[in-house]
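A quick write-up on the structure given underneath.
Please treat every number below as a calculation from the coordinates, not as lab data. Here the structure is a predicted model, which is why all the values come from computation and not from measurement. All Cβ positions, glycine included, derive from the backbone under ideal geometry; neighbour counts span all protein chains shown.
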Amino acid sequence: MSTADFKMVMAAIGHASGDLAEFTSDDIWDRLPATPMERNVVGKAVSEANRLGLISGTERFVKSRRPESKGRRIQVWTAARREQEALF
């Protein structure tokens, strides 16, 4: 996984959590300026942001809007602390 891709996805997580009360990985993908070399970097970055306490998973899941996800269920997330948005 490239450091540049990871930073790009973490920035997109910051934008999604700042723009929306609740967001999914689809919203993160919508905010990426380019497609990462490794597609699983989005999941890894979301896990890391959750581990760091920057975002928090809700108990809700929705169907993905992305065609390549084939309607699979994805978790809904929320910013854990608004004051930490500057860390992204």
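Taking the alpha-carbon distance from Lys7 and a cut-off under 20 Å, which lysines remain once sequence neighbours fewer than 8 residues away in the same chain are dropped?
Qualifying lysines at Cα under 20 Å: Lys44.
Of Val62, Ala79, Ala12, which is farthest on the positive side of the dipole of the chain, counting Cα position, with +1 on Lys and Arg Cβ, -1 on Asp and Glu Cβ, and the Cα centre as origin?
Val62
At 222 nm, what helix-only mean residue ellipticity would the chain give, in deg cm²/dmol to the nearest 500, using -39500 (n - 2.57) for each DSSP H run of four or more? Mind showing how you got there, number by number?
Working: 3 runs with 34 residues, N = 88.
Computed ellipticity for the chain at 222 nm equals -12000 deg cm²/dmol.
Against the globular-protein guess of 2.2 N^0.38 Å, express the Cα radius of gyration of the chain as a ratio, rounded to two decimals.
Values: Rg = 12.0 Å, N = 88, 2.2 N^0.38 = 12.1 Å.
That works out to 1.00 for the chain.
Could you give the dipole magnitude of the chain about its Cα centre, charging the beta-carbon of Lys and Arg +1 and that of Asp and Glu -1, in debye to the nearest 20? Please list the in-between numbers first.
Working: 14 positive and 12 negative charges, 68 e Å.
Computed charge dipole of the chain: roughly 320 debye.
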